[in-house]
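Data first, discussion second: the structure below is written as structure tokens.
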Amino acid sequence: MIHQTKSLLSDAARQFLWESLNRHHPDLDKPDIALVGSRRSGSTLLMQILAHAPRIKSVDQPFSVFTATRTQMRHLPWPAGGIFVAPDRAEIEALTAYVENIRSGRIHVREPWRFWRPDFWFRSDRVVLKTTDAHFLLPHLRDWGLQVILYFRHPVPQALSCHRNGWGDRLDQFAAHHVLRTKVLTPEQNALLDRMRQSDDPLPRFVLGWCIENLPLFHDLAANPPTVFYEDLVLDPDGTIDRLGRLCNVTPTLKMRSMLGQASLSVRGLSDTAARNAIARGNAHALVGRWREHLSDKDLEGVRVVLDAFSGCPYGVDETLPRSPMAD
């Protein structure tokens, strides 16, 4: 009871800061931005880099019903199975109004609240929405006029990170989702899902969860959309930020570049000691390829079986880097 009361008071305090300290007036000449990627992929860092650009306000996880604030839940519809896979007309209308309210500044959700930090703006004119729960909303994000940036990290280190932190692989959630099973996954992918749910090997289970949630992005990659890879950000940070600036119509600043040698807010609390030390030392190789040193041939073969079931995936089990970097 005490913990619940503290949580409610904390949410209320943050909501007060968002609504009283930020004034948002949209820049009609530049589009707002949507970052679409997976958890533990570095998407928080990418959001924070963009949020250090002048007057760009970040909104973290606007479509997640599991982390939604009380204000969000007054506007955000609850999707079947907790995932927006095939929203009906009423849900689309509610989501459209919800996104418009955020972009216009009429409602404030999941914004920075530490007003003394450089990613807080008392006056903002653009928003960057970072989401790991809206892969299937991709066409709607574009219909709403957002500049969509896809974001990927190799599924193996992402899976290892999620497992280490005690997060679920989401397979039971996906298996129970009727629309996902009947209209999205192929018979072969459904069979793989059923087999993996009976397995006690966590690595291929988590990789399968990554593949299922990213499936709409795999289909989209054929059209060569704006895409950023975690590995590029680590190995060529300045070049990747310059490219991100071109994609988002943002001039990179020293504040944006200063984020490169720092761990994001999520990394500070959840990455292992070796990863945090690699970030501090700027050891790019350790951050990109260290995971291969800890896997057996059996581990790799289990991952290969999963990745081979999903055409369009930009990663292979034998490479640490994406197969084909995307052009502007």
Tally of residues being acidic (Asp, Glu) and surrounded by fewer than 21 Cβ atoms within 10 Å (Cβ to Cβ) across segment 100-118
1
Residues of segment 296-328 being assigned to a loop (DSSP other than H, G, I, E, B), open to solvent by less than 60 Å² (accessible area, probe 1.4 Å) and either at pLDDT 90 or above or touching a helix residue (DSSP H, G or I) at 6+ places or on another chain (Cβ under 7 Å) (or both), which ones?
Ser296, Ala309, Phe310, Gly312, Cys313, Pro314, Tyr315, Gly316, Val317, Thr320, Pro322
Against the condition touching a residue at least 12 places away in the same chain (Cβ under 8 Å) and more than 30 Å from Val156 (Cβ to Cβ), how does Arg74 come out, does it pass?
no
A careful count of residues in segment 86-99 that are open to solvent by 70 Å² or more (accessible area, probe 1.4 Å) and under 14 Å from Trp144 (Cβ atoms) gives 1
Tally, over segment 121-167, of residues that are open to solvent by 10 Å² or more (accessible area, probe 1.4 Å), assigned to a loop (DSSP other than H, G, I, E, B) and touching a Phe, Trp or Tyr at 6+ places or on another chain (Cβ under 6 Å):
2
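Is it the case that Asp60 is more than 18 Å from Arg110 (Cα to Cα) and at pLDDT 90 or above?
Details: more than 18 Å from Arg110 (Cα to Cα): no; at pLDDT 90 or above: yes.
Spelling it out, it is not the case that Asp60 is more than 18 Å from Arg110 (Cα to Cα) and at pLDDT 90 or above.
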Pairs with Cβ under 7 Å, 6+ apart, first in segment 217-238 and more than 22 Å from Leu146 (Cβ to Cβ), second surrounded by fewer than 23 Cβ atoms within 10 Å (Cβ to Cβ) and among the aliphatic types (A, V, I, L, M):
Glu231/Val288; Glu231/Leu321; Val234/Ala284; Val234/Leu287; Val234/Val288; Leu235/Ala284; Leu235/Val288; Pro237/Leu260
Could you please give the count of residues in segment 199-218 that are touching a Ser or Thr at 6+ places or on another chain (Cβ under 7 Å) and under 13 Å from Asp299 (Cβ atoms)?
1
Within segment 49-81, can you find the residues that are assigned to a helix (DSSP H, G or I) and open to solvent by 10 Å² or more (accessible area, probe 1.4 Å)?
Arg70, Thr71, Met73, Ala80, Gly81
With the first residue restricted to segment 90-119 and required to be touching a residue at least 12 places away in the same chain (Cβ under 8 Å), and the second required to be in a helix (DSSP H, G or I) and among the aliphatic types (A, V, I, L, M), Cβ contacts under 7 Å at 6 or more apart or on different chains are Val109/Ile102; Pro112/Ala51; Trp113/Leu17; Phe115/Leu17; Phe115/Leu21; Asp119/Ala51
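The values are calculated or read from the model by the stated rules, or taken from the named source; none is laboratory data. All of these numbers come straight from a predicted model, not from anything done at the bench. With ideal geometry, Cβ positions are generated from the backbone for all residues, glycine too; neighbour counts draw on all protein chains shown. Note: areas computed on protein heavy atoms with side chains; ligands, DNA, RNA excluded. Shrake-Rupley method; radii C 1.70, N 1.55, O 1.52, S 1.80 Å.
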